[in-house]
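The values are calculated or read from the model by the stated rules, or taken from the named source; none is laboratory data. For clarity, every value in this text was computed on a predicted model and none was experimentally measured. Cβ placement follows ideal geometry from the backbone for every residue including glycine, while neighbour counts extend to all protein chains displayed. The protein model used for the area step is the full one, side chains on, heavy atoms only, and it has no ligands, DNA or RNA in it. Shrake-Rupley method; radii C 1.70, N 1.55, O 1.52, S 1.80 Å.
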Amino acid sequence: DTGVSQNPRHKITKRGQNVTFRCDPISEHNRLYWYRQTLGQGPEFLTYFQNEAQLEKSRLLSDRFSAERPKGSFSTLEIQRTEQGDSAMYLCASSTEREVSEQYFGPGTRLTVT
Amino acid sequence: QQPVQSPQAVILREGEDAVINCSSSKALYSVHWYRQKHGEAPVFLMILLKGGEQKGHDKISASFNEKKQQSSLYLTASQLSYSGTYFCGTEWEGAQKLVFGQGTRLTINP
């Protein structure tokens with residue numbers, strides 16, 4: 001078990017470009033979460049999957065954000081037409097399907113939009 | 001509704017104790033505690049379920065007061081390695097997502 005992995009670790013992009021991040025959860029974990037964290041704040045929920053089904057998406061999430069988990073394993077988060085306000089750390093976490101289950105976080109992808 | 005953590009920051013000498021509180025205005029199902037060091041991912045510490053249980057390992061423990069909808073994290077005889085920002089993540093019944101507080105920055109000086 002190698003833990004949750006995320007790629008890339010850092011991404012610098014120009015405003016208006018599209019970016020895609022990947023998350024590989026712990027292998028036996030059915031649930032996968034995406035969070036966004038800005039400096040000095042706690043992680044903010046974006047969306048989560050159980051297997052390949054996207055069960056909830058934050059109302060704060062713009063239509064420019066989309067996430068997929070096509071085979072119930074890895075997940076991708078795409079941001080279209082990036083804005084400077086999208087600059088943040090994007091964290092992925094995974095957990096089991098138990099009613100109450102701890103979430104294990106990956107190292108995150110730091111996005112900088114110039 | 002984001003839970004409120006207090007204090008926002010605390011500075012201790014090695015060996016001193018600290019208490020971090022996490023309060024919610026909404027009825028909680030569980031509270032998850034994490035520690036995050038600068039530039040790293042949050043690391044899971046423990047979960048508490050409604051029912052007022054108390055948990056702990058090593059010199060870190062936590063309680064959940066269902067009447068007050070508050071959880072407290074206790075760090076006793078603090079070590080340098082305890083430095084970091086502590087977050088509580090709250091979960092409401094039926095919701096699978098966590099809503100995190102704004103964090104408490106803990107600095108331990110030798």
Based on what the data block shows, is A:Thr82 in contact with a Gly (Cβ under 7 Å, 6 or more places away or on another chain) and more than 26 Å from A:Ser101 (Cα to Cα)? yes
Among the candidates A:Arg110, A:Arg98, single out the residue that is open to solvent by 60 Å² or more (accessible area, probe 1.4 Å), closer than 21 Å to B:Pro42 by Cβ and modelled with pLDDT of 95 or more. A:Arg110
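Which ranges mark the strands (runs of 3 or more DSSP E) fully within segment B:1-99 that have 1 or more residues being modelled with pLDDT of 90 or more, open to solvent by less than 60 Å² (accessible area, probe 1.4 Å) and touching a Pro at 6+ places or on another chain (Cβ under 9 Å)?
B:18-23, B:30-36, B:70-75, B:84-91
How many residues, within segment B:10-22, are more than 17 Å from B:Gln79 (Cβ to Cβ) and out of contact with any Gly (no Cβ under 9 Å at 6 or more places or on another chain)? Walk me through it before giving the result.
Step one: list which residues in segment B:10-22 are more than 17 Å from B:Gln79 (Cβ to Cβ), which gives B:21-22.
Narrowing further to those that are out of contact with any Gly (no Cβ under 9 Å at 6 or more places or on another chain): B:21.
Adding up the residues that qualify gives 1.
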When both residues are 6+ apart or on different chains and their Cβ atoms are under 8 Å apart, which pairs have a first residue that lies in segment B:95-109 and is among the charged types (D, E, K, R), and a second that is assigned to a loop (DSSP other than H, G, I, E, B) and modelled with pLDDT of 95 or more? B:Arg105/B:Gln8
Which members of segment A:67-85 meet the condition of being surrounded by fewer than 16 Cβ atoms within 10 Å (Cβ to Cβ) and under 15 Å from the mean Cα position of the chain (by Cα)? A:Glu68, A:Pro70, A:Gly72, A:Ser73, A:Thr76, A:Glu78, A:Gln80
